[in-house]
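One structure below.
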Amino acid sequence: MKLTGYSVEDQDAEDIRFIQLAEISLAASPAELRRMATFFNNAADTMERMGDTYDHEHLSDRQPGFDDSPHFVVFRAT
């Protein structure tokens with residue numbers, strides 16, 4: 001597993017520069033964490049079902065209430 005991301009300052013840049021992260025911290029409520037857990041489980045099921053054709057999924061596209069949150073994207077490890 002790898003953690004990558006980019007800063008808030010870079011989010012509108014034409015060429016986003018992803019960096020590898022050593023740590024992430026989630027400031028979330030228990031309800032948000034449970035919705036994220038559902039998202040992770042569903043993403044894992046979809047990843048297994050689709051195999052190599054699986055690309056990525058956004059938390060905000062799959063779980064209500066995350067529209068104004070930072071982007072959280074899951075993609076297949078290579």
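The values are calculated or read from the model by the stated rules, or taken from the named source; none is laboratory data. Note that the structure is a prediction, hence the values are computed from the model and not measured. We place every Cβ from the backbone using ideal geometry, glycine too, and count neighbours over all the protein chains shown. For the accessible areas, the whole protein counts, side chains as well, though only heavy atoms, and no ligand, DNA or RNA atoms are used. Shrake-Rupley method; radii C 1.70, N 1.55, O 1.52, S 1.80 Å.
For the stretch 1-17, the set of residues classified as open to solvent by 70 Å² or more (accessible area, probe 1.4 Å), out of contact with any helix residue (DSSP H, G or I) (no Cβ under 9 Å at 6 or more places or on another chain) and either farther than 26 Å from PRO64 by Cα or part of a loop (DSSP other than H, G, I, E, B) (or both) consists of MET1, LYS2, TYR6, GLN11, ASP12, GLU14, ASP15, listed by residue number. Could you list, in sequence order, all residues of the stretch 57-78 that are open to solvent by less than 50 Å² (accessible area, probe 1.4 Å) and of a type in the set (A, V, I, L, M, F, W, C)? Result: LEU59, PHE66, VAL74. Across the stretch 19-33, the qualifying residues are those that are within 23 Å of TYR6 (Cα to Cα) and assigned to a helix (DSSP H, G or I), and the one among them that is most open to solvent (accessible area, probe 1.4 Å) is LEU33. Selection of first residues in the stretch 53-78 that are under 18 Å from THR4 (Cα atoms) and of second residues that are open to solvent by 100 Å² or more (accessible area, probe 1.4 Å) and part of a strand (DSSP E or B), restricted to Cβ pairs under 6 Å at least 6 apart or on distinct chains, gives the following pairs, ordered by first then second residue: HIS56/PHE75. Quick one: which of ALA43, ALA22 is of a type outside the set (Phe, Trp, Tyr) and in contact (Cβ under 8 Å) with a residue 24 or more places away in the chain? On inspection, the qualifying residue turns out to be ALA43. Taking the condition among the aliphatic types (A, V, I, L, M) and touching a Lys or Arg at 6+ places or on another chain (Cβ under 9 Å), does LEU21 pass? Answer is yes for this residue. The set of residues from the stretch 34-56 being more than 14 Å from ALA77 (Cβ to Cβ) and buried (at least 16 other Cβ atoms within 10 Å of the Cβ) comprises ARG35, MET36, PHE39.
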